[in-house]
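Remarks on the structure that follows.
Where a number appears in this text, it was derived from the coordinates with a stated rule and is not lab data. Just so you know, these numbers come straight off a predicted model, no measurement behind them. Please note: Cβ atoms are built from the backbone with ideal geometry, for glycine as well, and neighbour counts cover all protein chains shown.
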Amino acid sequence: ASCFLEKDLMNNLDYLQSVALAQHYGLPTPFLDWTDSPYIAAFFAISNRAIKDIEPFRIWALKISKTADYYLQKANSSDIINDFYIVNTRFFDSKRLKRQRGYFSYLNNDKPLDIFLKDNRYGIKLTYYDINGTSWLSIIKELSLMGISHNSLYDNLDGIATDVSLDFLYNRKV
C-alpha cells in the first residue's frame, strides 16, 4: 500500500516539487533545503559534528517579506525559466518534511545565492548567525529538551539510535 501512496503523491506534484521531495530523501539536486524554525536549523547545523569538534558554526536564514512570499506563491514552479523559486511543500504528504518544517529554494542562475539576492528584487534577504562551537553538545541537549532530536525529525531507527548515543554523551560530557 505504501508504494501506491508514494506513486499517487508523485503524480500530484509538479516537476520542481517532485525533485524537491526526492532531495529530501537523499537524491542530490540543485535545491537548497531550509526550515522555518531557527531551532531546527541549529540542530541541522550541529547534528553531525564529531565529539571533539569545537569550531564555530553558521546558521543561514532567508528573510522573506510578505510581498516576496506572495510573489513566490504565485510563481509557476513548472516554468523553470525564472531565476529563483521557493518550492511550495504544503501539499507534500511527507511526515519527515512536516516534522522538519522544511521547504526548498531553487536558483536557476550561475551566481552564488548570497550575490544573487543582494539586489533584493525578490524582497528576500540572506543572512547568517555565527555560533560558538564549544558548547554544541549542550545546545543539542537543550534542543532535545525542546523535542528537537534525531528521533523527532527523522522517521527511522537511525534517529532513535543516534539519540541513544548522544544521551550517553550528555551523561558523560555535559
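Observations on the structure shown:
- Listed pairs Lys118/Lys141; Lys63/Lys98; Lys98/Lys141; Lys95/Lys125 exceeding 25 Å between Cα atoms: Lys118/Lys141; Lys95/Lys125
- Difference of contour (0.36 nm per residue) and Cα-Cα distance, Tyr128 to Asn109: 4.7 nm
- Label-to-label distance, nm, for residues given as Tyr15 and Ala50 (7 Å Cα→Cβ offset): 4.2
- Label zone of Thr162 (point 7 Å out along Cα→Cβ, amide N under 18 Å): in region 86-112 this covers 95-103.
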